1. Pull out all pairs, ordered by first then second residue, where Cβ-Cβ is under 6 Å, the residues are six or more apart or on different chains, the first lies in the stretch 69-85 and is free of Cβ contacts under 8 Å to residues at least 60 places away in the same chain, and the second is surrounded by 13 or more Cβ atoms within 10 Å (Cβ to Cβ) and in a helix (DSSP H, G or I).
2. Yes or no: the stretch 165-173 includes at least one residue that is at pLDDT 95 or above and of a type outside the set (V, I, T).
3. What are the residues in the stretch 47-102 that are aromatic (F, W, Y) and closer than 16 Å to H123 by Cα, if any?
4. Starting from residues that are touching a residue at least 12 places away in the same chain (Cβ under 8 Å) and exposed (fewer than 15 other Cβ atoms within 10 Å of the Cβ), keep the ones in the stretch 163-178 and report whichever is nearest to T30 (Cα to Cα).
5. Have a look at I99, I60, I108 and point out the one that is free of Cβ contacts under 8 Å to residues at least 40 places away in the same chain, closer than 23 Å to S135 by Cα and not in a helix (DSSP H, G or I).
6. Evaluate the stretch 161-176: report whether one residue or more is out of contact with any strand residue (DSSP E or B) (no Cβ under 9 Å at 6 or more places or on another chain) and among the hydrophobic types (A, V, I, L, M, F, W, C).
7. Taking into account only those residues within the stretch 131-164 that are more than 20 Å from K95 (Cβ to Cβ) and part of a loop (DSSP other than H, G, I, E, B), which is farthest from the chain's Cα centre (by Cα)?
8. How many residues are surrounded by 18 or more Cβ atoms within 10 Å (Cβ to Cβ) and either of a type in the set (K, R) or touching a Leu at 6+ places or on another chain (Cβ under 6 Å) (or both) if we restrict to the stretch 103-113?
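The values are calculated or read from the model by the stated rules, or taken from the named source; none is laboratory data. Because the structure is a prediction, the values reported are computed rather than measured. Ideal geometry is used to build each Cβ from the backbone, glycine not excepted, and the neighbour counts take in all protein chains shown.
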Amino acid sequence: MNYYDKQAETTIYYCKLPHWRQSTVCYFVTFRTADSLPQAKLDILYHEREQWLSEHPEPISEQAMAEYHKLFTRKIELWLDNGYGSCILKDESIKQIIISALDYFSDIRYRLWEYTVAANHVHLLIEPIGDHQLSDIMHSLKRHTARHINKQSGKSGAFWQREYFDHIVRSEAQLFKFVQYIRNHD
């Protein structure tokens, strides 16, 4: 298992969320259904986040990133756990589509250390292997599962929220916190 290396090259890019990238490190990832959070709450949160980012220019310190996660990431996790949306992932046959897709490329494109499928979102501890990139893995996984879930449920259109949250695991202690969080998350 590889953790964040302060000495290694780190790439940071932004969509609605900041994404830190290093080669072959373990990530904690959360992705969610398109209907999992009320848009009105997200609009307020994104406005607050834009203000915070304008007050904390690059490079962002680890202390500032901890503040960022406390203010924004944890708030979204709480909202997700409140069970907004259709919560279609509670259906065992739908859940199995996701589990099968996760298992399919495990130990080929990535190491899947831990995961859970909640009612409206998924948590992963995942480590890309070789030249495989997290963004490509997530795009493929979400596209594949959305197609099969929409077919099975008789729906069409966007199933997953376009963006996902990811966090490079920084240490063994942090890894254990994420493992416990995932295992206790039902």
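1. F72/R49
2. Initially, the stretch 165-173 is screened for residues at pLDDT 95 or above, giving none.
Scanning the stretch 165-173, I find no residue that is at pLDDT 95 or above and of a type outside the set (V, I, T), so the answer is no.
3. So in the stretch 47-102, the residues aromatic (F, W, Y) come out as 52, 68, 72, 79, 84.
The answer is W79, and nothing else.
4. Of everything passing the filter in the stretch 163-178, E163 is nearest to T30 (Cα to Cα).
5. Working: I99 fails: not in a helix (DSSP H, G or I); I60 fails: free of Cβ contacts under 8 Å to residues at least 40 places away in the same chain.
On inspection, the qualifying residue turns out to be I108.
6. From the stretch 161-176, those out of contact with any strand residue (DSSP E or B) (no Cβ under 9 Å at 6 or more places or on another chain) are 162, 170-173, 176; that's our starting set.
Next, only the ones that are among the hydrophobic types (A, V, I, L, M, F, W, C) stay: 173, 176.
Checking the stretch 161-176: at least one residue is out of contact with any strand residue (DSSP E or B) (no Cβ under 9 Å at 6 or more places or on another chain) and among the hydrophobic types (A, V, I, L, M, F, W, C).
7. Residues of the stretch 131-164 that are more than 20 Å from K95 (Cβ to Cβ), as a first pass: 131-136, 139, 156-157, 162-163.
Of the ones still in play, those that are also part of a loop (DSSP other than H, G, I, E, B) are 131-133, 156-157, 162-163.
Numbers: D131: 20, H132: 17, Q133: 14, S156: 23, G157: 21, R162: 11, E163: 8 Å.
Checking each candidate, the answer is S156.
8. First, pick out the residues of the stretch 103-113 that are surrounded by 18 or more Cβ atoms within 10 Å (Cβ to Cβ): 109-110, 113.
From what's left, either of a type in the set (K, R) or touching a Leu at 6+ places or on another chain (Cβ under 6 Å) (or both): 109, 113.
Looking only at that region, the number is 2.
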